[in-house]
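One structure is given below, encoded as structure tokens.
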Amino acid sequence: MNTVTMPMELGVIEKLRMEELEEARSIQSVMLPEEPLRAGAVRISHEFQPVTEVGGDFLDYFQLTDGCIGLYLGDVSGKGLPAAMYAALAVGTLRGVHKTGQSPAIVLSTLNRRLMIRGTPRRHAAMQYAVFNPITREMQIASAGMPGPLHLSERGCQVLEIQGIPPGLFDPSVTYDISTITIAPGDSVVFFTDGLSDAFNTDGESFGIERLQAVCEANASSTPPELLGHVFLEVERFARGQSQHDDMAAAVFRCCVE
């Protein structure tokens, strides 16, 4: 027997959908930093622009007990409340692990094992985790399914291509490589989710890594908030009002000249 959805039922469904969306946004809001970080010569700021349907972007930065600076940025597959809840699971695990002072590779391996234990179908978390030592000025980065990051230095804007399988995807025994870079005074590192580089215009053309490099290189001496402003403004201009399908998140790490 065929059934017809009455207007009242449609109203209830829409109300439930909006309540779920609001709950997802509430969960996502606690997975982002409340303010920029200032620690010695280090400055970090972030920018986050959600799409209408909440995704699973998350990021944080913090000073560790040994004086090092930690930063992670991630993007959970899927949309809505399920993605936000999975991101909350990932963030809860990260907050319990990163305080132990483990290397970025060990942190991602631990996160992968714990997400695999949960075994959530069709869910994984692409992410990057970095630790900067202000004494040696070395930054160690482990990456899993994320683009970049970009290293801005006197040599220009370089893309750091670091391979890795996103935690929670399919293998609990996965290990991760570490890329180590030296951060000179005046250098910046730009971390971003693919919602930024994959932003598209009305012609279906993607913004792309090369355009992102060009914007960053043209504004290499900017403060983190200024650089983020330039990047998101150029993406907005490129999109020409086209609605996007993915959240855009980025964080800029800068080592100031003292």
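Rule-based calculations on the coordinates, nothing more; no lab input. All of these numbers come straight from a predicted model, not from anything done at the bench. All Cβ positions, even for glycine, are placed from backbone atoms using ideal geometry, and neighbour counts span all protein chains on display.
Tabulated results
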quantity	calculated
Per residue Cα convex hull volume in Å³ - calculated over the stretch 48-92	64 Å³
Cα-based Rg / Dmax (Å) for the stretch 144-253	15.0, 44
Two-site label geometry, Leu64 and Ala184: point separation in nm, points 7 Å out along Cα→Cβ	2.6 nm
Low-density loop positions, chymotrypsin sites (Phe, Trp or Tyr not before Pro), the stretch 149-258 - DSSP coil, at most 15 other Cβ in 10 Å	Phe170
Lys, Arg +1 and Asp, Glu -1 on Cβ, resulting dipole of the chain about Cα centre, debye, nearest 20	680 debye
Prolate/oblate/rounded label for the stretch 82-216 (Cα gyration tensor, a/c 1.5)	oblate
Stokes-Einstein diffusion coefficient of the chain, Kirkwood radius over Cα pairs, 10 °C, 1.306 mPa s, in µm²/s	83 µm²/s
Among Ala142, Ala87, Ala184, residue whose mean-square fluctuation peaks in a GNM of the chain (springs only between Cα atoms under 10 Å)	Ala184
Label point distance in nm, Thr223-Arg95, each placed 7 Å from Cα along Cα→Cβ	2.8 nm
Estimated FRET transfer efficiency when R0 is 45 angstrom, pair Gln102-Leu16 (beta carbons, to 0.05)	0.65
Computed E for Glu154/Ala39 - FRET, C-beta separation, R0 25 angstrom, nearest 0.05	0.60
Charge dipole of the chain about the Cα centre (unit charges at C-beta), most positive-ward option of Ile106, Gly40, Pro225	Ile106
Size of charge dipole - the stretch 29-177 - debye, nearest 20, with Cβ of Lys, Arg +1 and Asp, Glu -1, no other charges	380 debye
